[in-house]
Amino acid sequence: MPLLNCRFLRGYREQRLAHLVLSVMAMGYVWQRGENQPEEVLPRNLAIPLVEVSRSLGLPPILVHSDLVLTNWTPRNPERPLEIGNLDIIVSFPGGESLRGFILVTVLVEKAAVPGIKALVQAVNAILQRSQNSLLQALQRLKLSIQDITRTLGQMHDYVDPDIFYAVIRIFLSGWKDNPAMPVGLIYEGVSTEPLEYSGGSAAQSTVLHAFDEFLGVCHSKESADFLHRMREYMPPSHKAFIEEIHSGPSLRDHILSFGNGQLLTAYNQCVEALADLRSYHITVVTKYLIIAATKAKGRRPNHLPGPSQALEERGTGGTEVLSFLKSVRDKTLEAILPQSD
């Protein structure tokens, strides 16, 4: 493979596409022989251009959520709606139709969040303008968007085989930080003589729930909050800046409490409850695709699928102990519900 020069890339879109292609190649190279024999050195032909384009984009040199999902889709027919039957992925690795389904359902989850993100902007403006009606409308739109995200996430069951996800796909999303299979990290040849550590791709790298949490005033435990804040370094800088803008904006909770408007308080609580419901549903999905699939994999060998992943058995691809993390995040969401006054 020749040593590629990133100066030939024209503009942001080509840089994002290059980051997707190079990072997928890096994941494939590192994990090609499974978790028991990961490569410890990324060859300079991959490492140098990947690090170069990563620096230009403000992203880490590893496959991130904004690569695998936000960059990695294209419509079959641009004139038709963005539905799963009208979408294809651009770059893939082992996993077949289950990989395609995993990526595209996640694309549609992000699409379902668009009205909610727009509602956040409307709500912040409504607070600044002290418009109670506009704020109420925004909160109602936010609730509907969160509920639509939950329904869309349910399509995972239709398009992704749990056994394929667990035994084939998951390893290629795994990073080299907080990963027992690669305890010291990965050497990027031609970049650093010391190993570098980066977390694998994770839904925690999506801007959406970070923005909802900041707007609704959800406060997580220190351990969860530390991980979530670290995941913001894996987002495009403009996404991270949006979350920080929401954080530094006016407090929705303070606004609602100061006005004593019962309709607003109810609408706010409905948003928080919808977010907690989404997180509860996410726990059931992770249980199916990780915990139950791991149990099945232990009793399956030998067959056509690789052996079960020992190092990451109960960890998410981002490196967390996934169920305890998700339950903590859900429970802290519920704690944000405001008491109704009599």
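Under 6 Å between Cβ atoms, at least 6 apart or on separate chains: pull out the pairs that start in the range 258-272 with a residue that is under 16 Å from Gly217 (Cβ atoms) and aromatic (Phe, Trp, Tyr) and end on any residue that is at pLDDT below 95 and part of a helix (DSSP H, G or I). Listed by first residue and then by second, the contacts come to Tyr268/Ile256.
Please find, among Arg55, Arg100, the residue that is closer than 30 Å to Thr193 by Cα and in a helix (DSSP H, G or I). Going through Arg55, Arg100 in turn, the sole match is Arg55.
Filtering the range 265-292 to residues that are within 18 Å of Gly95 (Cα to Cα) and surrounded by 21 or more Cβ atoms within 10 Å (Cβ to Cβ) leaves Tyr289, Leu290.
Among residues of the range 1-43 being touching a strand residue (DSSP E or B) at 6+ places or on another chain (Cβ under 8 Å) and not in a loop (DSSP other than H, G, I, E, B), the one that is surrounded by the most Cβ atoms within 10 Å (Cβ to Cβ) is Leu42. Residue check: Leu136 meets all listed conditions (1) over 24 Å from Pro94 (Cβ atoms); (2) outside any helix (DSSP H, G or I) but one, namely (2). Residues in the range 129-147 that are closer than 24 Å to Leu209 by Cβ, over 27 Å from the mean Cα position of the chain (by Cα) and in contact (Cβ under 8 Å) with a residue 40 or more places away in the chain: Leu135, Leu136. Figure legend. Inter-residue proximity from the range 19-39: first residues farther than 15 Å from Trp176 by Cα, second residues among the charged types (D, E, K, R), beta-carbon distance below 6 Å, spacing 6+ or different chains. Indicated pairs: His19/Asp67; Leu20/Asp67.
The values are calculated or read from the model by the stated rules, or taken from the named source; none is laboratory data. Predicted model, so just to flag it, every value in this text is computed and none were measured. Here the Cβ is made from the backbone with ideal geometry for all residues, glycine too, and neighbour counts use every protein chain on show.
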